[in-house]
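Accompanying notes for the structure given below.
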Amino acid sequence: PRKIIIDTDPGQDDAVAILLALASPELEVLGITAVAGNVPLTLTAKNARMVCELAERPDIRVFAGCDQPMRRNLVTAEHVHGRTGLDGPTLPDPTMPLQEQHAVDFVIETLRSEAPGAVTLCTLGPLTNVATAFERAPDIIPRVAEIVAMGGAYFEVGNITPSAEFNIYVDPEAADIVFKSGVPLTIMPLDVTHKALVTKPRNDAFRHLGNRTGLVTAQMTDFFERFDLEKYGSDGAPLHDPTVTAYLLEPGLFSGRHINVEVETSSDLTLGMTVADWWRVTDRAPNAMFMGDIDADGFFDLLTRRLARLP
Ligand code: BDR
Ligand code: CA
């Protein structure tokens, strides 16, 4: 199996991304690193463990990482995810322990001890943990196989400001470090995730899987549905983060372009914007596979079939 570290700020959609990974034998989850984002770190570290316990995987190691962006105050998204970050279902408090090691140290230690090119980083939140690890231990950068990240937007512009997507906006300096790191980067921007909509039939498919995971997934996606429906008037809420896991399992579901993508870190107006050279109008070197399209039916088929395997 492919070895991955999931860096995350759960978040209902993060939860589904984690569940998809835990349901997939092709992936070996070396650890889950929590970061502050949708809600503060204490909650994301707790939510990650609740999700592992839902999947009956208390053996997965969960680490708490950075509680603040590198150089800014934390911006959270309770207006989308609810006060707990995982509003919707009623899940029991976790009983599995949080690891004592700091997430950044875990990332550094793991990349140093595993073979070069063996570990893929899957990032589902602000990039603070990963960028901090890169800053502190630059020797690990060439050892990363690939970073697959949910973040950014180009044609779909922003969801937290008119020009920025949440994960990049919360810690633009961290995103800038990661985008300039030279690590092979695959990006799932809003351009992709706004096509991965949990419509009523797709939600029903989760609900009727006959297992607890299916029911909880339906309740979680129902919860943030209410926000996106009001906001975008679309057929259902975008399921952002699971696109990262799905890409690892079935890359053919996605298409995009290998292009230059840079992060705005100084403008007040467009802070955190991912400027993607989609039409290759500059000679700046490509640094990211920036996805633009998804086979949404294929994605939901995969997700639904995999979630059926969980308790
Ligand atoms: C991203 O922001 C968070 O609210 C979601 O979990 C997702 O990672 C979408 O912009
Ligand atoms: Ca997230």
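Odds and ends about this structure:
- Extreme residue, farthest from ligand 1 (Cβ to nearest atom), among residues of region 192-209 that are free of Cβ contacts under 8 Å to residues at least 40 places away in the same chain and assigned to a loop (DSSP other than H, G, I, E, B): His208
- For region 19-45, taking the residues that are within 16 Å of ligand 1 (Cβ to nearest atom) and either of a type in the set (Phe, Trp, Tyr) or free of Cβ contacts under 8 Å to residues at least 60 places away in the same chain (or both), the one that is surrounded by the most Cβ atoms within 10 Å (Cβ to Cβ) is identified as Ile32.
- When region 62-71 is filtered for residues that are buried (at least 18 other Cβ atoms within 10 Å of the Cβ) and either more than 21 Å from Pro92 (Cβ to Cβ) or touching a residue at least 40 places away in the same chain (Cβ under 8 Å) (or both), the ones remaining, listed by number, are Phe63, Gly65, Cys66, Pro69, Met70.
- Residue in region 250-267 that is of a type in the set (Phe, Trp, Tyr) and free of Cβ contacts under 8 Å to residues at least 60 places away in the same chain present: no
- Test result for Gly65, touching a Gly at 6+ places or on another chain (Cβ under 8 Å) and either within 14 Å of ligand 2 (Cβ to nearest atom) or over 20 Å from Phe224 (Cα atoms) (or both): no
- Selected residue (criterion: nearest to Arg136 (Cα to Cα)) from residues of region 160-173 that are within 14 Å of ligand 2 (Cβ to nearest atom) and buried (at least 24 other Cβ atoms within 10 Å of the Cβ): Asp171
- Filtered residues of region 80-129 (kept if closer than 25 Å to Glu56 by Cβ, at pLDDT below 95 and either among the β-branched types (Val, Ile, Thr) or not in a loop (DSSP other than H, G, I, E, B) (or both)): His81
- Within region 130-159, the set of residues being more than 20 Å from Asp277 (Cβ to Cβ), outside any helix (DSSP H, G or I) and either out of contact with any helix residue (DSSP H, G or I) (no Cβ under 7 Å at 6 or more places or on another chain) or modelled with pLDDT under 95 (or both) comprises Ala145, Glu146, Asn159.
- For region 160-189, taking the residues that are near ligand 1 (Cβ under 10 Å from one of its atoms) and either in contact with a strand residue (DSSP E or B) (Cβ under 6 Å, 6 or more places away or on another chain) or not in a loop (DSSP other than H, G, I, E, B) (or both), the one that is farthest from Gly292 (Cα to Cα) is identified as Val170.
Table: residues versus (1) buried (at least 23 other Cβ atoms within 10 Å of the Cβ); (2) in contact (Cβ under 8 Å) with a residue 12 or more places away in the chain; (3) within 16 Å of ligand 1 (Cβ to nearest atom); (4) within 17 Å of the chain's Cα centre (by Cα).
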residue	(1), (2), (3), (4)
Gln101	no, yes, no, no
Gly117	no, yes, no, no
Leu127	yes, yes, yes, yes
Ala133	yes, yes, no, no
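- Note on region 14-44: residues that are touching a Phe, Trp or Tyr at 6+ places or on another chain (Cβ under 9 Å) and away from ligand 2 (no atom under 14 Å from the Cβ) amount to 2.
- All positions within region 129-158 that are within 16 Å of ligand 2 (Cβ to nearest atom) and in contact with a strand residue (DSSP E or B) (Cβ under 9 Å, 6 or more places away or on another chain): Asn129, Val130, Ile147, Val148, Ala149, Met150, Gly151, Gly152, Ala153
- Some residue of region 269-289 being part of a helix (DSSP H, G or I), under 18 Å from the mean Cα position of the chain (by Cα) and modelled with pLDDT of 95 or more: no
- Comparison of Ala218, Ala246 shows that the only residue that is within 16 Å of ligand 2 (Cβ to nearest atom), small (Gly, Ala, Ser) and crowded, with 20+ Cβ neighbours inside 10 Å is Ala246.
The values are calculated or read from the model by the stated rules, or taken from the named source; none is laboratory data. In this text the structure is predicted, and so the values were computed from the model without any measurement. Because the Cβ atoms are built from the backbone with ideal geometry, glycine has one as well, and the counts that use them run over all protein chains shown.
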